[in-house]
Amino acid sequence: MKMNSLFLTDGYKTGHHQQYPKGTNRVYSNWTPRGNKYAPRGCDKVVSFGQQMVVKWLVDHFDENFFNKPKEEVCGEMKTELSMYLGTDYDVTHFEDLHDLGYLPIEVKSIEEGVEVPLRIPMLTVQNTGDFGWVTNFLETILSNMLWQPMTSATIALLYKRILMQGAIETDRHNAAFVDFQGHDFSMRGMGGFMSTILSGLGHATSFSGSDSLPIIAASRQYYNEEGFVVASVNATEHSVMCAGTKGDELGTFRRLMDTYPTGILSIVSDTWDLWTVVTEYLPTLRDEILSRDGKIVIRPDSGDPVDILCGYNSLTTDEFKGKAITVGDAHPANKGLIELLWETFGGTVNGQGYKVLDPRIGAIYGDSITPDRARQIINRLKLKGYASTNVVLGIGSYTYQYNTRDTFGFAMKATYVEVEGKGREIFKDPITDDGTKKSAKGLLCVNRKVDGEYELWDMVSSATEKEGELKTIFKDGKFYNETTLSEVRSKVAKLTKTNKEQLITK
């Protein structure tokens, strides 16, 4: 939706230019993750990602919908709307001055993208340039609205990457490169809108190369200057395809699909009706055709408990059995689970680490209700049964990426320094009724790296010190600096899977 860019804020921001002390000509704010109380287990730091994308989006929006439109039109619209909204004759002089300037008068500094930052370390600072102190926190709302999701999804994607990488190292070390495609983004249909798909989907793509969220390809080119490969997927069916082939001829549908795609990877959703019939009757019938095909057939269950469906009830530990209603008989295929049943039909090899790896022409993917904890359980149960973790791809959907908020990592953008009549004031908040989470830093800030490489915050620093450290200018007065590409971000994130082993699989 195209709209006047001055609408991209909270209503109460529209009066703050009058509420600052007279002569306030500089406001300096920072964006910081304050806690992980609501984050998935294992997320103790936050991946720096999305700053370049969000600022580029914001600048493009202001250029197209404010600066490049007649001043009388955009400022006149705000006078009319805000006068009605606030019930007063709203003065838009400050908006007119901004339009006359012709660009956003701010300087944005950021931690480099693709690194992991401890909680309570600022990842971005914003301050106005010129005499536009009101602009800094007028933009807080939209920056907060857009920044939390790419960082949150990139952090959770890294958690998945670590879980899957350790599983591969422990059960199929020589196939560890497969992990880049083992976590596949299925989230678009469940995200909170088109832009949410891009913000989260590119976050996922910092760790993985598999995705069905096509918009992120174009977004990576626009916001991250990406020219080459972005993500990949495979030919795959949905339930409508299987239903159209009719329940009575599901075996025929499998054959028709294999004729349509005689080579390459083909994913077939297999629980439109009875997964166990597909696996124990249809696939054995098609065994020779599948094994002689130049490619891989991937079986996709799409309902039920993914851990039990993939690994079987006979992989449950005593503790896991507690409280779980087991309704199948001893001979039911559900006791064995999909991976074991595929092994019985198609076989494979036992690798040098002693784990079973399915024949390369058959595989499995599960993309419903996957969570980091379920990913851990799947890998652990497969390992206990003697199967490599690389026998399955996990489709990571909105169940993972949409069930988050700004509070997942307690993100907030707060002002810590102002200048009034040219004199600096170090400001901060520290609510007596809070547990300390909302306590802010104070004054101008500098983020440095200690001898061990860890980030640390220095607050109340001088103007000279504020210009140093790890927060680098990425935008100032209409120009971008220190731009990065998605490939560069991915290269940095890839190194993170080799560290912090305590965050990997725990039983």
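Structure data summary
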read-out: Helices (runs of 4 or more DSSP H) contained entirely in segment 191-260, each with at least 3 residues that are closer than 29 Å to Met1 by Cα, touching a strand residue (DSSP E or B) at 6+ places or on another chain (Cβ under 7 Å) and not basic (Lys, Arg); value: 194-205
read-out: So Thr433, is it surrounded by 12 or more Cβ atoms within 10 Å (Cβ to Cβ) and of a type in the set (S, T, N, Q); value: no
read-out: Criterion: within 24 Å of Arg41 (Cα to Cα) and among the hydroxyl-bearing types (Ser, Thr, Tyr) - qualifying residue of Thr152, Thr136, Thr125, Thr129; value: Thr152
read-out: Filter result for Ala157 (in a helix (DSSP H, G or I), open to solvent by less than 20 Å² (accessible area, probe 1.4 Å) and touching a Ser or Thr at 6+ places or on another chain (Cβ under 7 Å)); value: yes
read-out: Test: residue in segment 179-190 that is part of a loop (DSSP other than H, G, I, E, B) and modelled with pLDDT of 95 or more; value: yes
read-out: Some residue of segment 473-481 being under 22 Å from the mean Cα position of the chain (by Cα) and surrounded by 18 or more Cβ atoms within 10 Å (Cβ to Cβ); value: yes
read-out: Given (1) in a helix (DSSP H, G or I); (2) within 17 Å of Phe66 (Cα to Cα); (3) not β-branched (Val, Ile, Thr), number of the condition Ser144 does not satisfy; value: (2)
read-out: Candidates Val269, Val230, Val278, Val298, filtered to the one that is farther than 19 Å from Ile365 by Cα, in contact (Cβ under 8 Å) with a residue 24 or more places away in the chain and open to solvent by less than 30 Å² (accessible area, probe 1.4 Å); value: Val230
read-out: Yes/no for Val108 being in contact with a Ser or Thr (Cβ under 9 Å, 6 or more places away or on another chain), within 27 Å of Asn25 (Cβ to Cβ) and touching a residue at least 12 places away in the same chain (Cβ under 8 Å); value: yes
read-out: Candidates Leu104, Leu82 - the one that is open to solvent by less than 70 Å² (accessible area, probe 1.4 Å) and assigned to a helix (DSSP H, G or I); value: Leu82
read-out: Filtered residue count, segment 53-79, keeping only those that are open to solvent by 10 Å² or more (accessible area, probe 1.4 Å), over 30 Å from Arg221 (Cβ atoms) and not in a loop (DSSP other than H, G, I, E, B); value: 6
read-out: Which listed residue is in contact with a Pro (Cβ under 6 Å, 6 or more places away or on another chain) and of a type in the set (Ser, Thr, Tyr), from Tyr355, Tyr366, Tyr403, Tyr417; value: Tyr366
read-out: For Pro431: the one exception among (1) in a loop (DSSP other than H, G, I, E, B); (2) modelled with pLDDT of 95 or more; value: (2)
read-out: Candidate set: segment 488-501, residues that are in contact with a Ser or Thr (Cβ under 9 Å, 6 or more places away or on another chain) and either on the phi > 0 side of the Ramachandran plot or of a type outside the set (A, V, I, L, M) (or both); chosen: the one least open to solvent (accessible area, probe 1.4 Å); value: Thr497
read-out: Answer from Gly312, Gly295 - the residue that is at pLDDT below 95 and either at positive phi or in contact with a Ser or Thr (Cβ under 8 Å, 6 or more places away or on another chain) (or both); value: Gly312
read-out: Residue in segment 173-195 that is among the small types (Gly, Ala, Ser), in contact (Cβ under 8 Å) with a residue 12 or more places away in the chain, under 28 Å from Lys383 (Cα atoms) and buried (at least 24 other Cβ atoms within 10 Å of the Cβ) present; value: yes
read-out: Hits in segment 294-308 (condition: in a loop (DSSP other than H, G, I, E, B) and in contact with a helix residue (DSSP H, G or I) (Cβ under 7 Å, 6 or more places away or on another chain)); value: Pro301
read-out: Top-ranked residue in segment 241-266 [being open to solvent by 30 Å² or more (accessible area, probe 1.4 Å) and of a type in the set (Val, Ile, Thr); ranked as nearest to Gly395 (Cα to Cα)]; value: Ile265
read-out: Counted residues, segment 1-45 - those being farther than 24 Å from Lys423 by Cβ, surrounded by 20 or more Cβ atoms within 10 Å (Cβ to Cβ) and hydroxyl-bearing (Ser, Thr, Tyr); value: 3
read-out: Close pairs (6 angstrom Cβ cut-off, 6 or more residues apart or separate chains): touching a residue at least 60 places away in the same chain (Cβ under 8 Å) in segment 349-364, exposed (fewer than 13 other Cβ atoms within 10 Å of the Cβ) anywhere; value: Val357/Thr349
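Yes or no, residue by residue, for (1) touching a helix residue (DSSP H, G or I) at 6+ places or on another chain (Cβ under 9 Å); (2) among the aliphatic types (A, V, I, L, M):
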{"site": "Ile106", "(1), (2)": "yes, yes"}
{"site": "Glu113", "(1), (2)": "yes, no"}
{"site": "Pro122", "(1), (2)": "no, no"}
{"site": "Val126", "(1), (2)": "yes, yes"}
{"site": "Gly130", "(1), (2)": "yes, no"}
{"site": "Glu140", "(1), (2)": "yes, no"}
{"site": "Asp172", "(1), (2)": "yes, no"}
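The values are calculated or read from the model by the stated rules, or taken from the named source; none is laboratory data. What you see is a predicted model; the values in this text were computed from it and never measured. Counting neighbours? That spans all protein chains shown, and the Cβs are built from the backbone with ideal geometry, glycine included. Quick note on the areas: whole protein, heavy atoms, side chains included, nothing else; ligands and nucleic acids left out. Shrake-Rupley method; radii C 1.70, N 1.55, O 1.52, S 1.80 Å.
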